[in-house]
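The values are calculated or read from the model by the stated rules, or taken from the named source; none is laboratory data. Source: prediction; values computed, not measured. Neighbour counts are summed over all protein chains in view; Cβ atoms, including those assigned to glycine, are modelled from backbone coordinates with ideal geometry.
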Amino acid sequence: MSTSPVGSVVWTDLTVNNASEVKDFYQQVVGWKPNPVNMGDYDDFTMQLPENNQDVVGICHAKGENAGLPAQWLLYFKVADLDQSIENTHAQGGKLLSAIKHYGGVSRYVIIQDPAGAVCALFEDNQ
């Protein structure tokens, strides 16, 4: 993700109550291969391209930090400065739907809602 330019989509997740069933749906319909990601007492999934096992999207259970997320494909947009983007979100009539979360020890992200009600994530990659 660190080589992606600011403003690009760097990840996509789908969070649902029945991730195990939904990953099977996308495996059959799209052709992705599921790759379990241990979350303690359950597995979420990265979905991989069948020809090279490259992770392309995530399918997650609506549990833990993902509880309460809408059942929709969530785009993660790369931003240069997460704190500034959060400030701009508020100033432009948007709102935060999550606390700032950490990823991989150095990156951070937050889920927001724009003034029209659309939901996305802002991702700051400090690698």
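Before moving on, here are some points about what is shown:
- Residue 74 satisfies every condition listed in (1) under 12 Å from the mean Cα position of the chain (by Cα); (2) assigned to a loop (DSSP other than H, G, I, E, B) except (2).
- Members of segment 74-91 that are surrounded by 13 or more Cβ atoms within 10 Å (Cβ to Cβ) and under 19 Å from residue 117 (Cβ atoms): 74, 75, 76, 77, 85, 86, 88, 89
- Selection count where residues are under 17 Å from the mean Cα position of the chain (by Cα), more than 19 Å from residue 10 (Cα to Cα) and either buried (at least 18 other Cβ atoms within 10 Å of the Cβ) or free of Cβ contacts under 8 Å to residues at least 40 places away in the same chain (or both), scope segment 48-64: 3
- Filter result for the condition that a residue is within 18 Å of residue 8 (Cβ to Cβ), in contact with a Lys or Arg (Cβ under 8 Å, 6 or more places away or on another chain), in a strand (DSSP E or B) and of a type outside the set (Lys, Arg), over 45, 123: 123
- Residues in segment 92-120 that are exposed (fewer than 13 other Cβ atoms within 10 Å of the Cβ) and not in a strand (DSSP E or B): 92, 93, 99, 104, 105, 106, 115, 116, 117, 118.
- For segment 34-42, the criterion of being within 24 Å of residue 118 (Cβ to Cβ), out of contact with any Leu (no Cβ under 6 Å at 6 or more places or on another chain) and surrounded by 14 or more Cβ atoms within 10 Å (Cβ to Cβ) is met by no residue.
- Among residues that are assigned to a helix (DSSP H, G or I) and either at pLDDT 95 or above or buried (at least 17 other Cβ atoms within 10 Å of the Cβ) (or both), residue 21 is included.
- Checked against the criteria, residue 31 counts as without any contact (Cβ under 8 Å) to a residue 40 or more places away in the chain and not polar (S, T, N, Q).
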